[in-house]
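To start, the structure itself, in structure tokens.
The values are calculated or read from the model by the stated rules, or taken from the named source; none is laboratory data. Just so we're clear, the structure is a prediction, and the values are computed from it rather than from any experiment. Note: ideal-geometry Cβ built from the backbone for every residue, glycine included; neighbour counts use all protein chains shown.
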Amino acid sequence: MVYDAIIVGGSYAGLSAGLQLARARRQVLVIDAGLRRNRFAATSHGFLGQDGEAPGVIAAEGRAQLMAYPTVRWVKDSAVQAQSEQAGFSIRTLHSGAFNARRLILATGVVDDLPDVEGLAERWGRSVFHCPYCHGYELDQGRIGVLATSALSMHHALMLPDWGTTTLFTNGVFVPDAEQQAQLERRGVTVESAAVRQIAGERADVALEDGRVVPLDGLFTMPRTRMASPLAEQLGCEFNEGPMGLFIQTGETRQTTVPGVFACGDAAIAAGSVALAVGEGVRAGVGAHQSLIMG
């Protein structure tokens with residue numbers, strides 16, 4: 001069977017893209033390995049109608065709604081190889097064989113490479129975060145830290161005083177210049193230059209190499225990201241450099257630089273939130289459908 005579209009990635013962007021195609025009565029295959037980027041977080045925020053809901057619940061509801069359409073098939077597997085063919089594309093999976101489609105939507109997501117600080121990974125998504133809009137409000141204007149990973153952490157440090165009393169831990173990564181220091185002072189940000197030894201405590205207390213411990217209610221950091229899948233590279237898609245890593249280059253319809261291949265979600269936008277992923281999925285699904293019509 002040749003599907004109208006294969007969607008690789010069944011999280012928020014992929015589900016949203018699939019819904020547009022399913023409602024156009026197109027034959028759709030979703031291939032998903034079940035590794036959502038936000039699987040470490042207990043709640044999701046900022047998505048209208050689902051604010052405060054568990055991420056897994058949102059994804060499960062989305063899948064149930066998509067699978068109610070009879071033209072959709074779901075395969076739980078990892079897509080490991082993609083190639084262009086005369087009539088479209090072929091996707092080979094780890095366990096389920098190969099599948100063919102006229103169009104391909106990559107909603108493959110990214111992997112967060114976290115700072116190598118003891119105790120941080122265990123708290124990721126629970127008391128260590130990357131998005132103030134997703135998790136800042138719940139800290140109840142408490143004590144917030146920013147663990148620098150590059151000079152771009154200035155952006156975090158200048159934003160977060162709207163959510164609580166903020167301390168920037170430069171951790172030897174960069175030294176704010178005079179202008180940056182003045183900006184931080186205007187926002188009421190405390191700058192801590194001592195090296196960070198570990199993240200400890202019930203929440204995200206920062207233990208410094210000099211023996212001091214700075215108690216916090218939450219910590220924010222900007223991890224580097226990398227593609228969670230090799231498919232875009234295998235197909236020859238071009239990438240853009242974002243503030244945290246590469247992302248797939250797309251146009252207005254979310255078509256990549258390879259005709260017939262569309263991309264959406266965190267793999268194709270230099271930002272990460274459920275609401276943005278859902279919106280971008282709509283654009284990719286509509287773009288893929290209209291390309292089937294227009295040729």
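Scan segment 193-250 for residues that are out of contact with any strand residue (DSSP E or B) (no Cβ under 7 Å at 6 or more places or on another chain) and small (Gly, Ala, Ser) and the total you get is 5. The numbered conditions (1) surrounded by fewer than 19 Cβ atoms within 10 Å (Cβ to Cβ); (2) touching a residue at least 24 places away in the same chain (Cβ under 8 Å); (3) more than 25 Å from Glu53 (Cα to Cα); (4) among the small types (Gly, Ala, Ser) are all true for Ala157 except (1). Just name the residue that is modelled with the highest pLDDT out of those in segment 175-192 that are surrounded by fewer than 15 Cβ atoms within 10 Å (Cβ to Cβ) and β-branched (Val, Ile, Thr). Going through the qualifying residues, I end up with Thr190. Is one or more of the residues making up segment 98-114 free of Cβ contacts under 8 Å to residues at least 12 places away in the same chain and either surrounded by 14 or more Cβ atoms within 10 Å (Cβ to Cβ) or aromatic (Phe, Trp, Tyr) (or both)? No - not one qualifying residue is present in segment 98-114. When the criteria are applied in full, Thr257 meets the requirement of being among the hydroxyl-bearing types (Ser, Thr, Tyr), out of contact with any Phe, Trp or Tyr (no Cβ under 6 Å at 6 or more places or on another chain) and either farther than 30 Å from Ala5 by Cα or surrounded by fewer than 18 Cβ atoms within 10 Å (Cβ to Cβ) (or both).
Taking the conditions (1) surrounded by 15 or more Cβ atoms within 10 Å (Cβ to Cβ); (2) over 21 Å from Ser127 (Cα atoms); (3) modelled with pLDDT under 95 in turn, Gly172 satisfies each one other than (1). In segment 41-68, of all residues being buried (at least 16 other Cβ atoms within 10 Å of the Cβ) and touching a Lys or Arg at 6+ places or on another chain (Cβ under 7 Å), the one that is nearest to His130 (Cα to Cα) corresponds to Pro55. Those strands (runs of 3 or more DSSP E) of segment 58-147 in which 1 or more residues are closer than 25 Å to Cys237 by Cβ occupy 72-76, 79-85, 88-93, 98-106, 110-113.
Contact map, segment 47-67: first residue in the same structural domain as Val278 (by TED's automatic domain parsing), second residue in a helix (DSSP H, G or I) and of a type in the set (Val, Ile, Thr), Cβ cut-off under 6 Å, separation 6 or more or different chains; pairs are Phe47/Val274; Gln50/Ile58. Entry remark, segment 137-152: residues being within 19 Å of Gln183 (Cβ to Cβ), of a type outside the set (Val, Ile, Thr) and buried (at least 18 other Cβ atoms within 10 Å of the Cβ) number 3 in total.
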